[in-house]
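Everything on this sheet refers to the single structure shown next.
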Amino acid sequence: MNIPYYHVDAFTRKTFSGNPAGVCLLDTWLDDRLLQKIAAENNLPETAYIVKDGEVFQLRWFTPEQEIDLCGHATLASAFILNLTRTNDPQPYQFETKSGRLTVHKHGDVFAMDFPSRPAEPCHVPPELIKGLGADPNAVLKARDYLAVFTTEEEIKALNPDFAVLALLDCLGIIVTAPGHTVDFVSRFFAPGAGIPEDPVTGSSHCTLIPYWAEQTGKEALIARQVSKRGGELFCENKDDRVIIGGQAFLYSVGTLTI
């Protein structure tokens, strides 16, 4: 069996930056165990699988360790590949996912994803969070992920987490964030429990970051940067119970998986 496979760098305009995702175009769904083995073999932060279903596309995301409920950069990468390979399909792209229907519009070279908002709420601060980060944030909240808020961009860049400790937390990941110097806010994202010590650029974390920073700044449209080693830029908008997360993408490689 041969599977068309694409390696895309998302939330960037150039290769070797942004967040890499594998995109597999399937005719029909394969066994979940095989999907997980492929994602582990790819060893990218996420591998996306797409199956066309009438006028929509079914979309699932797998880390090297597990299937997840929402992934921004692999959704962006999926829309980018459909735009390259299926030019006759109607836009915007409609994806059926574990997080419901997701819509992606293309504006020039920016793909704007309509995602559910996930505001964080005040929570108990587990000692493993502080120990794992090696720093004491100003505030800690929680949605799907923990959200740790710091004062400066320099503090975010200087964090050197203990991933073994962070992996003990009852969440998918840990978001750290602060105001940015040249953007509205910066962040990093750690998900060692899902096999991703640090994710280069994380769309789903912005489902929590956007409502938080919209409230803090009074701005509905924001520009964000994830200050990982690879780095990436996101164009954000707060829209009640939804958020818009926009970004660009770059095709790194095209191939075939032989299973």
query: Residues in the range 174-205 that are under 15 Å from the mean Cα position of the chain (by Cα) and either assigned to a loop (DSSP other than H, G, I, E, B) or outside the structural domain of ARG230 (by TED's automatic domain parsing) (or both): how many?
result: 7
message: Just to verify a result, which residue in the range 211-259, among those that are farther than 20 Å from ILE156 by Cβ and aliphatic (A, V, I, L, M), is modelled with the lowest pLDDT?
response: ILE259
field: Exclusive hit being in contact with a Cys (Cβ under 9 Å, 6 or more places away or on another chain), over 18 Å from ASN19 (Cβ atoms) and surrounded by 15 or more Cβ atoms within 10 Å (Cβ to Cβ), set SER204, SER117
entry: SER117
message: Could you list, ordered by first residue, the pairs with Cβ atoms under 7 Å in which the first is in the range 72-95 and more than 13 Å from ILE50 (Cα to Cα) and the second is modelled with pLDDT under 95 and surrounded by fewer than 17 Cβ atoms within 10 Å (Cβ to Cβ), at least 6 apart or interchain?
response: PRO90/GLU55
query: Could you say whether any residue in the range 78-89 is over 20 Å from the mean Cα position of the chain (by Cα) and under 18 Å from CYS207 (Cβ atoms)?
result: no
message: I'd like to know if the range 23-45 contains one or more residues that are in contact (Cβ under 8 Å) with a residue 24 or more places away in the chain and closer than 20 Å to ASP109 by Cα.
response: yes
- prompt: From LEU222, LEU234, LEU257, which residue is touching a strand residue (DSSP E or B) at 6+ places or on another chain (Cβ under 7 Å), surrounded by 14 or more Cβ atoms within 10 Å (Cβ to Cβ) and free of Cβ contacts under 8 Å to residues at least 40 places away in the same chain?
  reply: LEU222
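The values are calculated or read from the model by the stated rules, or taken from the named source; none is laboratory data. On a predicted model such as this, the values are computed, not experimentally measured, just so you know. Note: ideal-geometry Cβ built from the backbone for every residue, glycine included; neighbour counts use all protein chains shown.
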